[in-house]
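Here the structure is laid out as structure tokens; the discussion comes afterwards.
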Amino acid sequence: MDSMLKPNTHFTTNNGFVCGEKVRGSCLNNVGFQCLVNSLNKKVKPGFTTYAVLASNNNVKKQVMTLQQPLPRVERRKVDPKNVASIILGGGAGAQLFPLTRRTATPAVPVGGCYRLIDIPMSNCINSGLNKIFVLTQFNSASLNRHLARTYFGNGINFGDGFVEVLAATQTPGDAGKKWFQGTADAVRQFTWVFEDAKNRNIENIVILAGDHLYRMDYMDFVQSHIDRNADITISCATVGESRASDYGLVKVDSRGKVVQFAEKPTGAALKDMQVDTSFLGLSHLEAAKSPYIASMGVYVFKVDVLLKLLRWRFPTSNDFGSEIIPAAVMEQNVQAYIFRDYWEDIGTIKSFYEANLALTKEFPPFEFYDPKTPFYTSPLFLPPTKMDNCRVVDAIISHGCFLRECSIVSSIVGDRSRLDSGVELQDTIMMGADFYQTESEIASLLAEGKVPIGIGRNTKIRKCIIDKQAKIGKDVVIMNKDGVEEADRPEDGFYIRSGITIIMEKATIEDGTVI
């Protein structure tokens, strides 16, 4: 039926307002119908529904036509990076990464051959356009401070009107000022006065980052989501499986993304209670079955006034974000979840550190440091290219300035300035390299005296091992953990074993012929 609009038809709005318009045209005629819509748009206020009586040529019959004019468009408030500051937490004592953290802060631990863990959040900030960066340090901070100074002060990295500022743990007058950082929240609390300085008064949101994660993220998207949903706090989250769920803070969210429950590292029945069907996040049913938990990444964005209120007045004695501040804030504030769907790894244990590094050596790794648009920065070492003489290298990463002679390297990472002599076999191993060279004459002199130079000597076989900086491993050594020992502390012999992984300590000496 070709329904025609009767001339002088009256259109009535749902609040009783009547408007008349002489229109004629077929509802099936797009041009005529569009004329009607345009006419109504001039007459009817936004959001009102209009009604009409339609008549056909053969049969006059009342019909209802509903036209809904769209609501007025609300301009999206775009985040300004000048109003955002970043805080990178330098980490605690690093007990889970010991002995790699025996003399080194967790964020300063080498990763991927030539980088340090701190380079991950620093580079993400730079690539996201966030140029106001604070780094909070406390434990073993000398190497971290040195790396930050060499990498991010000058060297072609332009922060414009921004800065990188190291805020080291310190003591101040009064009883409270005599305490070191008691946790992540307490570390930020002790420097809240920084955000009240004149130069920082335009900061509206603060991104809080961990210094021991491996991932590539645009923090501007993260903060934009925070602003779009008018959140007080936004938590970056990732889906995880059953095996590692208890290592993280877990959340439950409603259909709008609001966090309705937060549990810090639950176990047993409490862990099962945090299980959710993650398919509603867009995962396939198979992926959802493998990853039935939503984990906090320990990456947050706070409104500045909310952060100050929580730390100073609402919870002045709470010291940790994950176990205290966030669970309490969920009950009182608008806490939103931002689902991060790319690769992310919390390098908080020896096992996760080892596995994340070796994954980089695969033909198709889950994560790559190189991306022309979002590169990762590190300290320029000005080293020569690596020199290899008749070597076999399969699925490996070889850093700068190495000397490799007639050796085999399989599924391994070889750090800067490493030296491998003839007959060496390296498999499933992370070698962190050295901070300085020994000259050929120095090496020859040490060998003549029966001593061991830095590097790995002739015919040494190494499997499933992490070799820390400046380690000296002699000739005919075997490091394979054939007995499958899971945990062992042998500092007097220069090594530890964690999760079945042998760790050669920094500056340790493993004498010729040693078998581990």
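The values are calculated or read from the model by the stated rules, or taken from the named source; none is laboratory data. Just so you know, these numbers come straight off a predicted model, no measurement behind them. Ligands, DNA and RNA are stripped out before the accessible areas are found, and what is left, the full protein with its side chains, is counted by its heavy atoms. Shrake-Rupley method; radii C 1.70, N 1.55, O 1.52, S 1.80 Å.
Could you please state how large a percent of the accessible area of the stretch 229-312 is carbon and sulfur, counting protein chains only and using a 1.4 Å probe?
Exposed carbon and sulfur together represent 50 percent of the surface.
Solvent-accessible area per residue for the stretch 219-271 at a 1.4 Å probe radius, Å²?
Per residue, the stretch 219-271 has 41 Å² of solvent-accessible surface.
Classify the stretch 205-271: rounded, prolate or oblate, from the alpha-carbon gyration tensor (a ≥ b ≥ c, eigenvalue square roots; a/c under 1.5 rounded; otherwise prolate if a/b is larger than b/c)?
oblate
Just how much of Leu446 is accessible, in Å², when a 1.4 Å probe is used and the result is rounded to the nearest 10?
Only protein atoms counted, so the area is about 40 Å².
Heads up, I need the accessible area for Asp371: 1.4 angstrom probe, whole protein in place, Å², nearest 10.
Accessible surface of Asp371 is approximately 50 Å².
Of the heavy-atom accessible surface of the stretch 90-149 (probe 1.4 angstrom), what whole percent is carbon and sulfur?
Its accessible area is 48 percent carbon and sulfur atoms.
Anything over 29 Å Cα to Cα? Flag those among Lys309/Lys373; Lys482/Lys507; Lys464/Lys507; Lys179/Lys265, in the order listed.
Lys309/Lys373
Give, in nm to one decimal, the length gained when the segment between Asp428 and Asp483 is fully stretched (0.36 nm per residue of separation minus the Cα-Cα distance).
18.1 nm
How would you classify the stretch 377-454 from its alpha-carbon gyration tensor, with a ≥ b ≥ c the square roots of the eigenvalues: rounded for a/c under 1.5, else prolate if a/b is greater than b/c, otherwise oblate?
oblate
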